[in-house]
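First up is the structure itself, then whatever we jot down about it.
The values are calculated or read from the model by the stated rules, or taken from the named source; none is laboratory data. None of these values were measured; they are calculated from a predicted model. Backbone-built Cβ (ideal geometry, glycine too); neighbour counts: all protein chains shown. Areas reflect the complete protein model, heavy atoms only, side chains present, ligands, DNA and RNA absent. Shrake-Rupley method; radii C 1.70, N 1.55, O 1.52, S 1.80 Å.
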Amino acid sequence: MKKQSERPDWNELREKVLGLGERSMHKSYYPALQERLSELELFRKLLDLTHDIILLIEIPSQRIIDANKEALRFLGIEKDLLVEKTIYDFIGDSVKPALETLLFSEESTGHTHELLVQASGRSGTKESSERVLELTISIDSDKEQKFALAILHDITDMVRIRMALEKSEENYRQLVELSPFATLVYADDHIVFANIASMNLFGATFMSQVIGKNLESFIENESDNPVNFCVEDRKSLYFGDSGARKFHETKFRRLDGTVIQVEISCMKLTYQDTPATLIVLNDITERRKAEKERELLMEQLHQSQKLDALGALAGGIAHDFNNVLGIIMGAAQMALEETDKSSPAFGDIQQIMKASDRARELVGQILSFSRQREIFKEPINLNDILVDTVKMLRASLPTTIDIKVDVKPDEKSIINADPTQIRQVILNLCTNAAHAMKESGGLLHLSLAEVTFEVESLGQTLKLEPGRYFKLNVNDNGVGMDADTLKKVFDPFFTTKQVGEGTGLGLTLVHRIVKNHGGGVSIYSKPKIGTSVSVYFPAVGEIAFDAEEENAPQISKGQGHILLVDDEPMLIEMGKRIIGRLGYKVTGITDSVEAYAMFADSPLDYDLVITDMTMPRLTGLKLAEKILAIRPEIPVIISSGFTDTATADKAFEIGVREFLLKPVGKLELSQAIERALSQS
């Protein structure tokens, strides 16, 4: 036998076989042999065309007997050098022990074996690099020789793709696990996968409380089952007919029974070779709550803007009305002084005076509403305020509502309060009670009683100081309110009325006014039974109130020259007559610029200046400032239809002696003039 190194190559063997056939074989065998060789040639070409490495290995030397072209290209050598190579030149020595065990084992003969190996070489047109090969080896033998056929399939790209896929799957799994949204996979009517956020959404402590559950049992509305509206693929999930991502909202009942609002999106998929649905749930309870709060804030802002506009309008109307009212009051006062008490006209004029005083209070209420009037507290009889307010209210209420007032006319319920604001409290409470009875009518019952709070009493609940209080009760038998509504009645802009029927500020203003007067408010109500509101005002001793009535000041007269400035001609004429009757000489003028010019020409001719606040060209404040710049010691009085603390403070800073709120009565005017002159 020839040595392994002397074995002829394929072409040499072919030539010898062909030559042998021509010389020593019978002519009849030659065509068959030629056909067999052609088949071998074709098989050889097929082996060379494959991209797998094919090696014929001799055992036991493990040398390569033959190889296809892909093997030569992989190693980058010519075929002549192949006889110097072993299988390990392809696959390295790392798998040598395992491979030798297969090659030399008798049990391996006739069987096919597979190994995963690494090799350094070229693949296709790529540069030489580390490759991953799948080695399939088949061991066989004949009588004289044992050999192995090795096929190495390059799976490097497939391994890389698989590794990338596994990495991608791991990344996606981490994204799903760490997602703040509850993510479920739903198959065969139960949850087969859930992330950590799902436990939070369900209110679960363990994942076993979620996995395996039927999702329908958590959905409040059966028609909202996500499986019924999920989409076919991701594209339709994001790009529906509207071009926006598709969501569905429903109520979701958690394991503890609480109901939350969730937003659902879902998509069909295959999970572990089973048709399934990917469902993502997002708890939007807080978002919807925030949206409602935002809508409420926007509504409050809208209402506030309307109130500001209404307040500005009310202030302007009140200013003009004060001028008219001042003329009426002045004319009535002078007429009353000239009318004999026995004359029937005397009583009529008194009624005009009372109506004017009531109108003055109403203007004050309007100005208070528009924040253009300061609050002035004084001792008042709550009995009288209550009776007068109810009389005025009666005409505005439906005849289906009866009014009952329980007060003792002879008793005085004296409190220290702003009468205008107290009337506002009564009006708001009665209006709310009437609204509760507007459908079926009822009884509006008002009562007034004195109560005393000790240290341990209801006063502690209302945060009231111990002592005497007057309790005003306003009761109705209307629709009433439930506990949830009662919790919100003092919230700004909260209302149970329809749009356009109220601002939601009624009880808020009541509560604020009462608190500013040192009192408290309590409400009791039951649906279909009615509502009872109790308002508590601190009581004031009657002695101080009576003493004030007995020592009521009288109108005093004086002398001097007064410059009267107002842009309303009728007020100038009325003012000249009233002030003239007080003993003073009066020069009246309707133009503030001309008034300044007159004063500048003869500053020593005047003993006092009375000017309106709001005038064209030159305001009363500016006029006073210019006059005081010429003669700092001259007394100046400013009257205004409305004012605020800043305006009054500014006036006093520049040296104004008095600041009066229109309409000004004769007594109030005489006292102001007297005080201003006495300071000179």
Residue check, Ile211 surrounded by 14 or more Cβ atoms within 10 Å (Cβ to Cβ) and modelled with pLDDT under 90: no
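Scan Tyr186, Tyr172 and give me the residue that is closer than 30 Å to Ser217 by Cα, in a strand (DSSP E or B) and not polar (S, T, N, Q).
Working: Tyr172 fails: in a strand (DSSP E or B).
Exactly one of Tyr186, Tyr172 is closer than 30 Å to Ser217 by Cα, in a strand (DSSP E or B) and not polar (S, T, N, Q), namely Tyr186.
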In region 51-80, the residues that are of a type in the set (D, E, K, R) and either within 16 Å of Gly92 (Cα to Cα) or in a loop (DSSP other than H, G, I, E, B) (or both): Asp52, Arg63, Glu78
Total residues in region 58-70, condition crowded, with 17+ Cβ neighbours inside 10 Å and in contact (Cβ under 8 Å) with a residue 60 or more places away in the chain: 3
Lone unmet requirement of (1) farther than 30 Å from Ala355 by Cα; (2) aliphatic (A, V, I, L, M); (3) open to solvent by less than 60 Å² (accessible area, probe 1.4 Å) for Leu296: (3)
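So, Ala672, is that one within 47 Å of the chain's Cα centre (by Cα), among the hydrophobic types (A, V, I, L, M, F, W, C), closer than 24 Å to Arg360 by Cβ and not in a loop (DSSP other than H, G, I, E, B) or not?
Working: within 47 Å of the chain's Cα centre (by Cα): no; among the hydrophobic types (A, V, I, L, M, F, W, C): yes; closer than 24 Å to Arg360 by Cβ: yes; not in a loop (DSSP other than H, G, I, E, B): yes.
Criteria not met by Ala672.
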Any hit, region 595-610, residues being touching a helix residue (DSSP H, G or I) at 6+ places or on another chain (Cβ under 9 Å), part of a loop (DSSP other than H, G, I, E, B) and more than 24 Å from Gln559 (Cβ to Cβ): no
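Of all residues in region 623-655, count the ones that are in contact (Cβ under 8 Å) with a residue 24 or more places away in the chain and open to solvent by 10 Å² or more (accessible area, probe 1.4 Å).
Looking only at region 623-655, we keep the residues that are in contact (Cβ under 8 Å) with a residue 24 or more places away in the chain, and these are 623-628, 630-631, 633-645, 647-648, 650-651, 654-655.
When the remaining residues are screened for being open to solvent by 10 Å² or more (accessible area, probe 1.4 Å), the result is 625-626, 628, 630-631, 633, 639, 642-645, 647-648, 650, 654-655.
Here the count works out to 16.
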Extreme residue, most open to solvent (accessible area, probe 1.4 Å), among residues of region 588-612 that are of a type in the set (A, V, I, L, M) and farther than 11 Å from Leu563 by Cβ: Leu604
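Residues of region 488-527 being at pLDDT 80 or above and open to solvent by less than 20 Å² (accessible area, probe 1.4 Å), which ones? First the steps, then the outcome.
The first filter runs over region 488-527 and keeps only residues at pLDDT 80 or above, leaving 510-527.
Hits for region 488-527 are Val510, Ile513, Val514, His517, Gly519, Gly520, Val521, Ser525.
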Residue count for region 656-680, restricted to those that are open to solvent by 20 Å² or more (accessible area, probe 1.4 Å) and β-branched (Val, Ile, Thr): 1
Residue that is farthest from Gln62 (Cα to Cα) [pool: residues in region 87-104 that are part of a loop (DSSP other than H, G, I, E, B) and open to solvent by 30 Å² or more (accessible area, probe 1.4 Å)]: Ser94
Among residues of region 411-431, those that are in a helix (DSSP H, G or I), open to solvent by less than 10 Å² (accessible area, probe 1.4 Å) and more than 12 Å from Val390 (Cβ to Cβ), counted: 3
Residue identified as modelled with pLDDT of 80 or more, under 60 Å from the mean Cα position of the chain (by Cα) and of a type outside the set (Lys, Arg) among Ile137, Ile161, Ile151: Ile161
Count of residues meeting criterion [closer than 23 Å to Ala71 by Cβ, free of Cβ contacts under 8 Å to residues at least 24 places away in the same chain and not aliphatic (A, V, I, L, M)] in region 143-169: 2
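Any residue at all in region 121-128 that's assigned to a strand (DSSP E or B) and of a type in the set (Gly, Ala, Ser)? Steps first, answer last, please.
Step one: list which residues in region 121-128 are assigned to a strand (DSSP E or B), which gives 121.
Then drop every residue that is not of a type in the set (Gly, Ala, Ser), which leaves 121.
Yes, that holds for at least one residue.
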Residue check for Ala335: over 26 Å from Ile578 (Cα atoms) and open to solvent by less than 80 Å² (accessible area, probe 1.4 Å): no
